[in-house]
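A.B. asks: Have a look at the structure that comes next, please.
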Amino acid sequence: MSTRTQAWHLRAGGTSLIVDTIGQFCPRVSYWGPEVGDDPAVVEAVLESQGLSVPSGTCDIPLRVGVLPEESAGWLGEPGIMLTRGGRLIPVKLHTTRVESGGADDSPWPLDGPEGQQVGAWLWADVTDATAKIEGRIEIQVTPSGIVRQRAHIRNSGDEPLGVARLVPTLPLPTTLTQIVDQAGRHLRERQTQMHEATIGVHHRPTRGARNHNASTILGAAVAGANARQGRVAYGHVEWSGNVDQWVERTPFGHLVLAGGELLMPGEIELARGETYSSPWLSATWGDGFDAASAKFHSYVRGFTAHPSRPRPVTLNAWEAVYFAQTFEGLSELARLAAEVGVERFVLDDGWFGSRRDDRSGLGDWQVSEDVWPDGLQPLARMVHDLGMEFGLWFEPEMLNMDSEIARAHPEWIMGPRDREPLESRHQQVLNLTAPGVVDYLEDAISRLVSEVGIDYIKWDYNRDLLEAYDRIGGGYAVHGQTVALYALLDRLHERFPDLEIESCAGGGGRVDLGIMRRAQRIWGSDCIDPLERQIIQAGTSLLLPAELIGSHIASPTSHTTGRTQNLQFRCLNAQFYHLGIEWDLRRASEVERAELAAWVAAHKNIRDVSHTGSLVTGLQPDDATRVVGAVAEDGAQAYYVVIQTRTSASRPAGILTLPGLDPDGMYRIEAPIIANNAVVGLPPDHGGHGSTLAGAPAWWASGVIASGAFLAEVGVAGPIVNPERAVLLRATRL
């Protein structure tokens, strides 16, 4: 701390964050980014150098943009705090009354439970406004991986109810970052990262209907021309699975700010005297290139209590193999073939319960269908376990069909206005988890099946957005309460079944956030498994999540969502670095295809030790038709690279491949093909010809090449001529 300026310096993971807490104002983050050292004079210099001039036509003192920007401090941009009494906005002027700060050894945050988190440096500041009769606390952390986190709490100290219309923490961004970075998407094409000019004004990216397919999982800014390997970037993420409010704002007075919190509907949060509302955490990263920025998030997420510690089981999901046509005989044969190719987890999808023969009926009735499974699910689960695999089962607990026993028995449990139902989506409505009895019903139904059937894994689906999300019993908008109740349900299930793993699947990739990832061990990246489309989806998803949490499956030869037909090697290599699965009716695959698939599964089991604990990296290529994605071991001793040709290149051969992420001073052998478990999983040099993966190979291809890590990253090696929609695998081994 610098006593002269009341400045506090938090340092961890190569990140510095400087907060000043002058008493008559809300705390302000003056700087965050690369570490600036521990000399108090440097902190003073940072503060003094960041002070802006007072422009004409504005307030008479320099504008302070606090963690919760207020109009009382001269801020006329998007406010960070908006409170009401009696339905009217009240003026707020926060004063800092007390500050505490420390490091990892005296962190006040527990390491157990879903909110447990390692903290490298921390600060909290108590704030108050006696006139408005509010008290609050602002919490700031820097994690050991260099992630910056902020959240705010507001407590009502008055007798009249206090409405919270907005409580959204804000971080400054360097004004040298001239490009907005966010993501857009839709079902089957989620998290497409986009960049555009950060003009003066507000770039607002709220998410309504809870997390949906157009949600911007990250939001921030970058320098012009930033890419995976170079150019400063800084972006944030709101750790919340409900509605999200987030924006980047550039003012004409020299400010660029990032804000993120919960999007609250009028009347959704009303605090009685003594009650408190807490915003979600806004977590943010920075780096020189997107790979460096995302690596901080990956390290941070790997510290979650819920993060899996054992190897990720190769998974076969039966959905695209059988859809609703479930029979014991058919699924038994599928399970037998799955075990033969090396699958470690077998998942039965939608259609096993109630009257669920299609998607119009039975959702919400979580009892095994006697029509389809007269002997229950135990025989299938027992057979799967006998084959050496885990057994997984599909649920969609937050939804129901109107044609269901649960909807007929409890119409009051349906989320929506009292006088009508919201529009249906996929023929279903939303189950109001805040209604009395709903969470108990779901916990009991799921727990009974987990115990009786022997379920190791739940695919937890969520196939529609929340429209008109009203509590028809208690009244009022209920997305906040729905999210809190969902978290409580998941926490209760994990408490009862500590070894149970849960996948967050939301119509594919609709709910991808760190709130849910404190309670789930996997997300389903997208319902689109076409490997060409997945290049975009997986690249965007990995800006937040490490590879081992992103479910990526080997599809059937012809994609069910795009109609493209692609060869097996391309489909397998697309999924190699992620949580590998299969979404293919193996009963229709030939013996040759199953043998090749088994070789790729065996290769993955060698590769996952690297890709699920190390770093994802991206090679920069002069032609974007060629993509290079790598997985580098934590100790730098080994790495794998997938070279993907999405279409034809303007030149042939396309040129040099750069292979980044290795120890610059280490010497490495680069080779292809790759041999793993006595199976060829790369491509031998004579595997050319019409219709093949390779149309030509460089001179080093047959025997390998040796070069330093620095040379491979900066100069690179000549690449093979790879045909469109084909891919090859390379291995780097430190000598």
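A.B. asks: Using only helices, what value at 222 nm comes out for the chain when you add -39,500 (n - 2.57) per DSSP H run of length 4 or more and divide by the total residues, to the nearest 500 deg cm²/dmol? Kindly include the intermediate steps, with their values, before the conclusion.
C.D. replies: Working: 12 runs with 130 residues, N = 735.
Mean residue ellipticity, 222 nm, calculated: -5500 deg cm²/dmol.
A.B. asks: Considering the dipole of the chain built from charges on the beta carbon (Lys and Arg +1, Asp and Glu -1) around the Cα centre, which of Val717, Gly87, Val322 is farthest to its positive end?
C.D. replies: Ranked along the dipole, the leading option is Val717.
A.B. asks: Here's another thing I want to ask about it. Please find the FRET efficiency linking His560 to His95, where r is the Cβ-Cβ separation and R0 is fixed at 45 Å, and quote it to the nearest 0.05. Don't skip to the end; give the middle numbers.
C.D. replies: Numbers: r = 59 Å, r/R0 = 1.31.
So the FRET efficiency works out to roughly 0.15.
A.B. asks: Which Cα, out of Pro436, Leu400, Pro417, lies furthest along the positive dipole direction of region 350-437 (beta carbon charges, K/R +1, D/E -1)?
C.D. replies: The listed residue farthest towards the positive side: Pro417.
A.B. asks: Moving to a separate point now. In terms of solvent-accessible area of protein heavy atoms at a 1.4 angstrom probe, what is the ranking of Phe391, Phe25, highest value first?
C.D. replies: Values: Phe391 0, Phe25 35 Å².
Correct descending sequence by accessible area is Phe25, Phe391.
A.B. asks: Let me ask something else about it. Quick one: check the C-alpha center-to-center distance for region 228-277 versus region 281-323, whole angstrom.
C.D. replies: 22 Å
A.B. asks: Say the dipole of the chain comes from +1 at the beta carbon of Lys and Arg and -1 at that of Asp and Glu; which of Ala381, Leu616, Tyr300 then lies farthest toward its positive end?
C.D. replies: Positive-most Cα among the choices belongs to Leu616.
A.B. asks: Please sort 246-253, 65-72 by packing, taking for each peptide the average over its residues of neighbouring beta carbons within 10 angstrom, highest first. Intermediate results must be reported in sequence, preceding the final value.
C.D. replies: Values: 246-253: 20.1, 65-72: 23.1.
The peptides rank, most packed first, as 65-72, 246-253.
A.B. asks: What nm value, rounded to one decimal, do you get for the distance between Arg734 and Leu500 when each label is placed 7 Å out toward the C-beta?
C.D. replies: 4.2 nm
A.B. asks: Moving on. At a 1.4 Å probe, what is the % contribution of carbon and sulfur to the accessible area of the chain? Don't skip to the answer; put the middle values down first.
C.D. replies: Working: 13720 of 26940 Å².
Of the solvent-accessible surface of the chain, carbon and sulfur hold 51 percent.
A.B. asks: Treating only the Cα positions of region 531-631 as identical point scatterers, give the base-10 log of I(q)/I(0) from the Debye formula at each q in 0.14 Å⁻¹.
C.D. replies: -0.55
A.B. asks: Further question on the same structure: Quick one: accessible area per residue over region 473-576, 1.4 Å probe, rounded to a whole number of Å²? Walk me through the intermediate numbers first.
C.D. replies: Values: 2320 Å² over 104 residues.
Solvent-accessible surface per residue comes out at 22 Å².
A.B. asks: Another question about this same structure. May I ask you to order 715-728, 575-588 by the average number of other C-beta atoms within 10 Å around their residues, highest value first?
C.D. replies: On the way: 715-728: 20.0, 575-588: 23.7.
Top of the packing list down: 575-588, 715-728.
A.B. asks: Moving on. Counting only heavy atoms of protein chains, what accessible area per residue, in Å², does region 154-198 have with a probe of 1.4 Å?
C.D. replies: Values: 1700 Å² over 45 residues.
Using a 1.4 Å probe on heavy atoms only, each residue of region 154-198 averages 38 Å².
A.B. asks: Can you tell me the relative contact order of the chain? Whole percent, Cα pairs under 8 Å, sequence separation 6 or more.
C.D. replies: 9 percent
A.B. asks: Mind checking the dipole of region 276-411: about its Cα centre, +1 per Lys or Arg Cβ, -1 per Asp or Glu Cβ, Debye to the nearest 20? Working shown, then result.
C.D. replies: Numbers: 11 positive and 21 negative charges, 127 e Å.
Roughly 600 debye, rounded to the nearest 20.
A.B. asks: Then there is this: Separation of region 577-616 and region 397-446 by C-alpha centroid, Å?
C.D. replies: Distance between centres, Cα-based: 38 Å.
A.B. asks: Val54 to Ser425: extension gain in nm, 0.36 nm per residue of separation minus the Cα-Cα distance?
C.D. replies: Numbers: separation 371, 0.36 × 371 = 133.56 nm, distance 5.28 nm.
The span from Val54 to Ser425 would gain 128.3 nm if fully extended.
A.B. asks: Further question: On full extension of the chain, what length is gained from Asp38 through Glu71, given 0.36 nm per residue of separation minus the C-alpha to C-alpha distance?
C.D. replies: Numbers: separation 33, 0.36 × 33 = 11.88 nm, distance 3.37 nm.
Full-extension gain reported as 8.5 nm.
A.B. asks: Cα centroid distance between region 19-34 and region 125-200, in Å?
C.D. replies: Region 19-34 and region 125-200 have Cα centres separated by 14 Å.
A.B. asks: For the chain, with only Lys/Arg (+1) and Asp/Glu (-1) charged at the beta-carbon, what is the dipole magnitude about the Cα centre, in debye rounded to 20?
C.D. replies: Numbers: 63 positive and 91 negative charges, 279 e Å.
So the dipole magnitude of the chain works out to roughly 1340 debye.
A.B. asks: Check every DSSP H run in the chain and write down those whose alpha carbon atoms cover 24 angstrom or more along the long axis and whose mean Kyte-Doolittle hydropathy is -1.0 or greater. Can you show the working numbers first?
C.D. replies: On the way: long enough: 479-496 (26 Å, -0.06); 591-611 (29 Å, -0.26).
The answer, listed by residue number, is 479-496, 591-611.
A.B. asks: Under a cut-off of 17 Å between alpha-carbon atoms, report the aspartates and glutamates in cross-link reach of Lys296, not counting same-chain residues fewer than 8 places apart.
C.D. replies: Once the sequence-local aspartates and glutamates are set aside, what remains near Lys296 is Glu35, Glu239, Asp288, Asp513, Glu548, Glu634, Asp635.
A.B. asks: Further question on the same structure: Name the shape class, rounded, prolate or oblate, that the alpha-carbon gyration tensor gives for region 65-219, where a ≥ b ≥ c are the square roots of its eigenvalues, rounded holds for a/c under 1.5, and otherwise prolate holds if a/b is larger than b/c and oblate otherwise. Don't skip to the end; give the middle numbers.
C.D. replies: Numbers: a/c = 1.67, a/b = 1.21, b/c = 1.38.
Taking the square roots of the gyration eigenvalues as a ≥ b ≥ c, region 65-219 is oblate.
A.B. asks: On to the next question. Just how large is the dipole of region 600-670 about the Cα centre, in debye to the nearest 20, putting +1 at every Lys and Arg Cβ and -1 at every Asp and Glu Cβ?
C.D. replies: In debye, rounded to 20, region 600-670 gives about 400.
A.B. asks: Apply the a/c threshold of 1.5 to the C-alpha gyration tensor of the chain and tell me whether it is rounded, prolate or oblate. Present the calculation step by step, with values, prior to reporting the outcome.
C.D. replies: On the way: a/c = 2.12, a/b = 1.20, b/c = 1.76.
Note, shape of the chain comes out oblate.
A.B. asks: Please list, or write none, the lysines whose alpha carbon is within less than 22 Å of the alpha carbon of Lys133, excluding same-chain residues fewer than 8 places away.
C.D. replies: Within the straight-line limit of under 22 Å, Lys133 reaches these lysines: Lys93.
A.B. asks: Is the shape of region 457-582 rounded, prolate or oblate, going by the alpha carbon gyration tensor and its root eigenvalues a ≥ b ≥ c, with a/c under 1.5 for rounded and a/b larger than b/c for prolate?
C.D. replies: Numbers: a/c = 2.62, a/b = 1.77, b/c = 1.48.
It comes out prolate by the Cα gyration axes.
A.B. asks: Suppose accessible area is computed on protein heavy atoms with a 1.4 Å probe; arrange Ser447, Ser651, Ser708 from highest to lowest. Don't skip to the end; give the middle numbers.
C.D. replies: Details: Ser447 5, Ser651 60, Ser708 30 Å².
Per-residue accessible area, sorted high to low, gives Ser651, Ser708, Ser447.
A.B. asks: Ok, one more. Under the 0.36 nm per residue contour assumption, what length would be gained going from the current alpha-carbon distance of Asp585 and Glu468 to full extension? Walk me through the numbers before you get to the answer.
C.D. replies: Details: separation 117, 0.36 × 117 = 42.12 nm, distance 3.87 nm.
My answer for the length gained is 38.2 nm.
The values are calculated or read from the model by the stated rules, or taken from the named source; none is laboratory data. As the structure is a prediction and not an experimental result, all values here were calculated from the model. Please note: Cβ atoms are built from the backbone with ideal geometry, for glycine as well, and neighbour counts cover all protein chains shown. Protein only, heavy atoms only, side chains kept; ligands, DNA and RNA dropped before computing areas. Shrake-Rupley method; radii C 1.70, N 1.55, O 1.52, S 1.80 Å.
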